[in-house]
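Worksheet for the structure shown next.
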Amino acid sequence: MPNPSLLILPGDGIGPEVMTEVRKIIDWFDRKRGIRFDVGEDLVGGAAYDAHGTPLSDETMARAMAVDAVLLGAVGGPKYDVLDFSVKPERGLLRLRKEMDLFSNLRPAQCFDALADFSSLKKELVTGLDIMIVRELTSGIYFGEPRGIIDDNEGGRIGINTQRYTTNEIRRVARSAFELARRRNNRVCSMEKANVMESGILWREEVQWVHDNEYPDVELSHMYADAGAMQLVRQPKQFDVIVTDNLFGDLLSDCAAMLTGSLGMLPSASLGVVMENGRPRALYEPVHGSAPDIAGQGKANPCACILSFAMALRYSFDLGDEASRLERAVETVLANGIRTADLMMAEDGKAASTTEMGDAVVQALEASL
Ligand code: NAD
């Protein structure tokens, strides 16, 4: 069996800094657990633009299509704000998502006990929180036609976007949510606006169909997305997996993310169709951006990127136990009070650097043996 393959795209700003720490973790798994990846590295975003005049070259795109999983740091920065829209760093990321057809976006909202004070909610509401939001990523109102701004012929204008979903688009993301639920607490809550939108009615019916025909063992509930938003901040622990469309998922996943405190702690995965080798096409990346305000200063928290790699272990490589080992290592480091500046209160002591944080996670992994 060949080694599983990984393409690393560090990108811009703090991307390369946090990715350096992930490399240490990958090396550790190789040395200590015999889990060896064929790792390649390439450019994306502004870094790719600087080298090739495009935020993602055809060669890099082809490499991304050929590997088992892609791990990305972050793209963008003020230097590139003046570029034409077509070559902005973000276009590189969008091209990856589109050509890899990554329709299922997984955003966990997990609250590490040591960080419960950072949540905007009361500690008891978030301690032990572990939910997963599955957002449809390649269709819906952000892509539907017709779209645009047109004259209304009465001196005004009309802005148009179209919410459009097909049976297949809904069913495939629903399957993704049910599969996840089976690995977790076996519950899915589907959110839409079936009370006011036809696309919401279709969404509800198709999710129910997938459930009844393919996943009757998983508990399914439906909720209107506005009520879901309320419940997320009222009693977030009631949820296990939430599945929703592109627009509602955009809002709900950001809302859920803040339940857990810092942007520096949030991983994500975007999954596509299952390939011949049984693995889904997959891109793993931290939720945060390139953080130009702290780039190059050794202040970035590498945990979001490290936890994204943990998601890769679990969802691409079926190494759930090793993923849990890595997540526990991060938790141990935090519980021991080792924190980057974004996770510190004013009265706390000295902040750990990006490198110190990565080293501490490796030490905690070592101690887990
Ligand atoms: P950002 O996520 O880069 O930063 C927001 C704030 O959070 C900043 O104060 C930053 O210092 C802090 N922060 C973010 N990640 C951190 C980490 N790991 N450790 C410590 N602090 C962290 O968002 P922004 O400032 O709105 O955007 C900056 C650039 O990143 C822009 O060019 C934007 O387009 C791009 N961006 C890229 C992605 C991506 O690559 N997926 C996502 C969002 C924004």
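Structure notes:
- Residue within region 242-250 that is within 16 Å of the ligand (Cβ to nearest atom) and open to solvent by 10 Å² or more (accessible area, probe 1.4 Å) present: yes
- If the condition is being of a type in the set (Val, Ile, Thr) and over 25 Å from residue 275 (Cα atoms), then region 28-75 contributes 54, 75.
- Extreme residue, farthest from residue 315 (Cα to Cα), among residues of region 34-86 that are open to solvent by 70 Å² or more (accessible area, probe 1.4 Å) and assigned to a loop (DSSP other than H, G, I, E, B): 82
- Within region 302-335, the residues that satisfy the criterion of being part of a loop (DSSP other than H, G, I, E, B) and open to solvent by less than 10 Å² (accessible area, probe 1.4 Å) are 302, 316.
- Restricting attention to region 179-218, the residues that are touching a residue at least 60 places away in the same chain (Cβ under 8 Å) and surrounded by 15 or more Cβ atoms within 10 Å (Cβ to Cβ) total 3.
- Some residue of region 258-267 being part of a helix (DSSP H, G or I) and surrounded by fewer than 20 Cβ atoms within 10 Å (Cβ to Cβ): yes
- Which numbered condition residue 144 misses (of (1) crowded, with 21+ Cβ neighbours inside 10 Å; (2) touching a Ser or Thr at 6+ places or on another chain (Cβ under 6 Å); (3) assigned by TED's automatic domain parsing to the domain that holds residue 228): (1)
- Residues being under 17 Å from residue 327 (Cα atoms) and open to solvent by 50 Å² or more (accessible area, probe 1.4 Å) - total across region 1-33: 5
- Lone qualifier among 94, 115 - being within 16 Å of the ligand (Cβ to nearest atom), assigned to a helix (DSSP H, G or I), free of Cβ contacts under 8 Å to residues at least 60 places away in the same chain and of a type outside the set (D, E, K, R): 94
- First in region 128-151 and more than 27 Å from residue 187 (Cα to Cα) and hydrophobic (A, V, I, L, M, F, W, C), second anywhere and open to solvent by less than 40 Å² (accessible area, probe 1.4 Å) and not in a strand (DSSP E or B), Cβ under 6 Å, 6 or more apart: none
- Of all the numbered requirements in (1) under 22 Å from the mean Cα position of the chain (by Cα); (2) closer than 16 Å to residue 104 by Cα, residue 166 misses one, and that requirement is (1).
- Long-range neighbours under 8 Å by Cβ, at least six apart or interchain, first residue touching a residue at least 60 places away in the same chain (Cβ under 8 Å) and in a strand (DSSP E or B) within region 1-23, second buried (at least 24 other Cβ atoms within 10 Å of the Cβ) and among the polar types (S, T, N, Q): 11/290
- Selected residue (only one of 129, 106 is of a type outside the set (Gly, Ala, Ser) and either away from the ligand (no atom under 16 Å from the Cβ) or assigned by TED's automatic domain parsing to the domain that holds residue 225 (or both)): 129
This table checks each residue for (1) under 29 Å from residue 283 (Cα atoms); (2) modelled with pLDDT of 95 or more; (3) hydroxyl-bearing (Ser, Thr, Tyr); (4) not assigned by TED's automatic domain parsing to the domain that holds residue 339.
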| residue | (1), (2), (3), (4) |
| --- | --- |
| 121 | no, no, no, yes |
| 154 | no, yes, no, yes |
| 163 | yes, yes, no, yes |
| 166 | yes, yes, yes, yes |
| 176 | yes, yes, yes, yes |
| 183 | yes, no, no, yes |
| 195 | no, yes, no, yes |
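- The residue that is surrounded by the most Cβ atoms within 10 Å (Cβ to Cβ), among those in region 270-299 that are away from the ligand (no atom under 13 Å from the Cβ) and in a strand (DSSP E or B), is 271.
The values are calculated or read from the model by the stated rules, or taken from the named source; none is laboratory data. Treat the numbers as computed from the prediction; the structure is a model and nothing was measured. Here the Cβ is made from the backbone with ideal geometry for all residues, glycine too, and neighbour counts use every protein chain on show. Heavy atoms of the whole protein, side chains included, go into the accessibility calculation; ligands, DNA and RNA do not. Shrake-Rupley method; radii C 1.70, N 1.55, O 1.52, S 1.80 Å.
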